[in-house]
């Protein structure tokens, strides 16, 4: 429960920074999507049996959908698909595991 609460607060804080502070420091009119980057990193460095990667993709996608002009659910589906894809690729092609942080 504590990890989930920290995840939600962390994603909310990163999204607020991404939408309010970092646009002032854009390079060639673009800024990176820090939620995507964080979801990829969480999925790469978690244990194989842990479900925090799927939860992080759902929370991140929900927050991106709330602050987006696109229809609700687009970012949620993209991030969950990306999470599944990372897990499938790691299970199929890598026999070793990156040192898990979570």
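Things worth noting here:
- Residues in region 1-31 that are in a loop (DSSP other than H, G, I, E, B) and within 13 Å of residue 55 (Cα to Cα): 1 only.
- Condition met for residue 38 (surrounded by 13 or more Cβ atoms within 10 Å (Cβ to Cβ), at pLDDT 90 or above and within 10 Å of the chain's Cα centre (by Cα)): yes
The values are calculated or read from the model by the stated rules, or taken from the named source; none is laboratory data. This one's a predicted model, so the numbers in the text were calculated from it and none came from an experiment. Methodologically, a virtual Cβ is constructed for each residue, glycine included, from the backbone with ideal geometry; neighbour enumeration extends over all protein chains shown.
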